[in-house]
Amino acid sequence: VYGAGEQEESPLYAKLDVMATRIGMVGIVAATTALVAILIWEYGVRESDDYGELLDIVLQTIGILACAIPEGLPLALVIALALTSNKMSSQNNLVKTLNSCETMGSATTICTDKTGTLTTNRMTVRAAYIDGVLFDVQGSEPVGPRIKASTSIGDGRLKLLGDLMCICTMDESGFFYKDDVPQFQGNPTECALLKMAEEIGFNYSEVRESTVGRSAKTMDQGNAKVFSSDRKMMSWTVPLPEGGYRVFAKGASEIILQRVNQRYQDGQILDMSPEEATVVADTIISKFANLAMRTIGMAYKDVEKLDPDELHPTITNTDGSPAFALETDFTLLGIVGIEDPLRPEVAPAIKKCYRAGIDVRMVTGDNLATACAIAKGAGILDLDLHCDAKGNVLPMRAMEGRIFRKMVHDYDDQGEGKFNQQKFDEIWPYLRVLARSSPTDKLTLAKGLNGSYLYQDEAKCKALWNDERIAIFPDRQVVAMTGDGTNDAPALKNADIGFAMGIAGTQIAKDAANIILLDDNFASIVVAAKWGRNVFDSIQKFLQFQLTVNISILTLNVFCAIVGKMCPLTVLHLLWLNLIMDSAASIALASEPPTEQLLHRPPVNRNDNIITKQMFMNMIGMAIYEVGLMVWLLYDYEWIPDIEDYPGDTGFKSRHYTLLFNVFVLLQVFNEYNARFLRGEWQIWRGLDKNPLYIIISVGTMVLQVVMIQFAPPLMTNALKIYKDGLTGTQWLICLSCGVGTLLVQQILNRGRMLILYFMKSSIAAPKSKEQAGFTKSSKSPETTPE
């Protein structure tokens, strides 16, 4: 049902796999170097014969290796994903697979449905064309009461209209009243037709139960052909009291119009020529569609005998398969325009997507004109970028599914199509709206976008930007796809992130999806993108913090081993650091809430290093400060008040080494505040009020450290190798001052990077003219959204 193929590893997991391998290798090299250096000093230089210390040396190097590998990284990732999943569910995103949270943060393209996702899914019949009489839109009022009051529509034709709407709809479709407001159940388009039937005087339940071939007891005497995306229509055949059968049909207006050969006018059934059908399409269907209304055609015919499986010799469905003979040669009854207003929050949400570098494409089964009208209102089609001076949509920006299929497939003599990626790459950068689409079109989009390597063609990408202001994202596309039908399941499964509709979606669509939209609202997809990016940022924050700790520990231990100095951090100290600076930090930094600034930058490339230049500068700069401070205090400590009980008192269990251990811990406690920011921000307190968990962990870590230094030694001096009386108040102030110094050092690093970037830009030659820089003289503003 869902389609074959294994899910590709998420972008973040792929980066972390590479990162973990590299860190492990560095840790092994550092631990081995320290081990060899210590052994040389102990048994080579000092010529010690106490081989009982060998076990302690090995344990020390194992402790170094344990600290080098950030085992808190998987924990940080799981916590970030779990917290994100929980928060997203409260914002109408029910996450089924945790990985999809962070994958959505890398999304570059969203292929979205129209009905119910971009629109409110509260459909109302606003306009109609019945038996040649036009009932145009009048304000926000439904058209039903005007049709009932019209003298142009006789009672017989009115009954025929009511019967068609009540009979040729599914049992699941209906409505009931709650506080005098109709509550729709089932297909919203059919619900709108049933509401119109009530407005013209027909109760759908009564009509269904009183009609032979439609009631539950006589269903076997009729024939129902439910709607399918291949046929774009539905029909229901019921027996007539006087003999024979009546076939009711409704569906896409242009499809119904193609199947019609008669019309009703002035009490007579007249032939309807193709030219007359074209006039109706141009004057009625286009008029309704341009007002962003869904157009539904309604027709009927009477037949003497029922042969439901007979195929027509020449007429075909939209997918090329033969049409049922029963669904041809109709008499046109009417065309209705159903309004489904655009959700007010959709246009701002799409604007956020463009600002965030996420492209949005509409994939809908609606009429092309209707789809374009909605797309313009939503901002998917920009009047400056995608339309000409008259407002007409430019070529390839919007097309119907049948044309799309022909353009991206190669067909053999038997009419079998084979997908052509090269042809697809010629189309997708332009495509914004795909109308009258089928579920297979969604699948083609998902596979085609995922499989496109157009970004590697630099000449083509440059031409697209220069000529059309279309920027191609410099990496493979990460595709999010929405769907609600059973046939959408393969597309949802093949997309990087599949969104199923929680209200209108079928169970199979929900099973195939990664995330379920509980409110069927496009704006909730943007929320998912923001939270997804926050997962990536949370992992980067943890890495920035943890790798700084790792670099400092490894450097300090290797330095002490090489110079033959006793390292101030014992195995238990390292394990304590591992607990509070790894596990606790992973929870604290993974719980950071997202901000709107996350949507002010483009998605992260699949191939970009997870460690950015700013992060690298922060880690190296802070590690230099920490290691330099520790080495200075290791050698020059006599100036510290009350540091010696007697001259030369140093080493484990001394105040000197206790102070060194305390300084190192406080350096990490304060640097954790710096790690909350990745791009040189200086307001480190920003957002703390929105993350109480972070404050609890930070304060808790500080309290535990005080307990370890001041209260644990009398009982655990030998085990912890901490001075029996702890540290004095003055010594604690010195430790705190060293910790606060990390905040100052971070500001120096931020300003230093700004100065470096400023001088680098100043050294570049004067900018070229617009034409030389790759800009054309087109009056169109640049498209801000990378594809």
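The values are calculated or read from the model by the stated rules, or taken from the named source; none is laboratory data. On a predicted model such as this, the values are computed, not experimentally measured, just so you know. Positions of Cβ are generated from backbone atoms using ideal geometry, with glycine treated the same way; all protein chains shown enter the neighbour counts. Note: areas computed on protein heavy atoms with side chains; ligands, DNA, RNA excluded. Shrake-Rupley method; radii C 1.70, N 1.55, O 1.52, S 1.80 Å.
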Vicinal HN-Hα couplings computed from phi for the stretch 110-117 (Karplus, 6.51 cos²θ - 1.76 cosθ + 1.60; Hz; Gly/Pro x): 10, 9, 10, 5, 9, 5, x, 9
Among (1) 12, 31, 27, 21, 8, 1; (2) 14, 36, 25, 16, 8, 1, 0; (3) 9, 12, 11, 11, 11, 11, 17, 14, 2, 0, the entry derived from the coordinates for P(r) over Cα pairs in 20 Å bins from 0, in percent: (2)
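Is the stretch 687-740 best put as rounded, prolate or oblate by its Cα gyration tensor, with a ≥ b ≥ c the root eigenvalues, rounded for a/c under 1.5, and otherwise prolate when a/b is larger than b/c, oblate when not?
Values: a/c = 3.79, a/b = 1.78, b/c = 2.13.
Here the stretch 687-740 falls in the oblate category.
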Surface per residue (accessible, 1.4 Å probe) for the stretch 356-396, Å²: 33
Label point distance in nm, residue 28-residue 215, each placed 7 Å from Cα along Cα→Cβ: 8.0
Ranking by accessible area, most exposed first, for 633, 518 with a 1.4 Å probe: 518, 633
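Determine the order of 36, 535 by accessible area, beginning with the largest, at a probe radius of 1.4 Å.
36, 535
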At least 27 Å along the helix axis (C-alpha) and Kyte average at least -0.5, DSSP helices within the chain: 11-40, 522-563, 613-635, 655-674, 729-763
Estimated inter-spin distance, residue 756 and residue 62, nm [label 7 Å along Cα→Cβ]: 4.0
DSSP bridge orientation in the chain - percent antiparallel, rounded to nearest 5: 70
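Around residue 415, with a cut-off of 15 angstrom between Cβ atoms, what is the net charge of the other residues, counting Lys and Arg +1 and Asp and Glu -1?
-2
If we count every other residue with Cβ under 14 angstrom of residue 125's Cβ, Lys/Arg +1 and Asp/Glu -1, where does the sum land?
0
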Cα gyration tensor shape for the stretch 158-263, rounded if a/c is under 1.5, else prolate or oblate: oblate
Scaled radius of gyration (Cα, divided by 2.2 N^0.38 Å) that the stretch 208-350 gives: 1.18
FRET efficiency, residue 416 to residue 595 (Cβ-Cβ, R0 56 Å, nearest 0.05): 0.65
Kirkwood Rh (inverse of mean 1/r, distinct Cα pairs), the stretch 596-673, angstrom: 15.7
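Run the accessible area of the chain with a 1.4 Å probe and give the carbon-and-sulfur part as a rounded percent.
59
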Approximate spin-label separation residue 290-residue 717, in nm, with each point projected 7 Å along Cα-to-Cβ: 9.4
Neighbour-limited loop hits for GluC sites (Glu not before Pro), the stretch 361-444 (at most 14 other Cβ within 10 Å; DSSP other than H, G, I, E, B): 416
Members of 87/352; 352/447; 87/493; 541/613; 376/493 lying beyond 18 Å, as alpha-carbon distances in this model show: 87/352; 352/447; 87/493; 376/493
R0 of 22 Å, Cβ-Cβ distance residue 141-residue 177: FRET efficiency to nearest 0.05: 0.75
Solvent exposure, largest accessible area first (probe 1.4 Å, DNA, RNA and ligands not counted), of 13, 657: 13, 657
Cross-link pairs 178/250; 250/442; 15/565; 225/510; 178/510; 250/510 - those with Cα-Cα distance over 31 Å: 15/565
Rounded accessible area of residue 721 (nearest 10 Å², 1.4 Å probe): 70
Length added when fully stretched, residue 269-residue 725, from 0.36 nm per residue minus Cα-Cα: 153.4 nm
Highest-first arrangement of 14-22, 671-679, where packing means the average Cβ count within 10 Å: 671-679, 14-22
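Once the Cβ-Cβ distance between residue 283 and residue 148 is put in as r, and R0 is 22 Å, what FRET efficiency do you end up with, to the nearest 0.05?
For R0 = 22 Å, the calculated efficiency reads 0.35.
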Three-way shape call for the stretch 406-512 based on the alpha-carbon gyration tensor, with the a/c threshold at 1.5: oblate
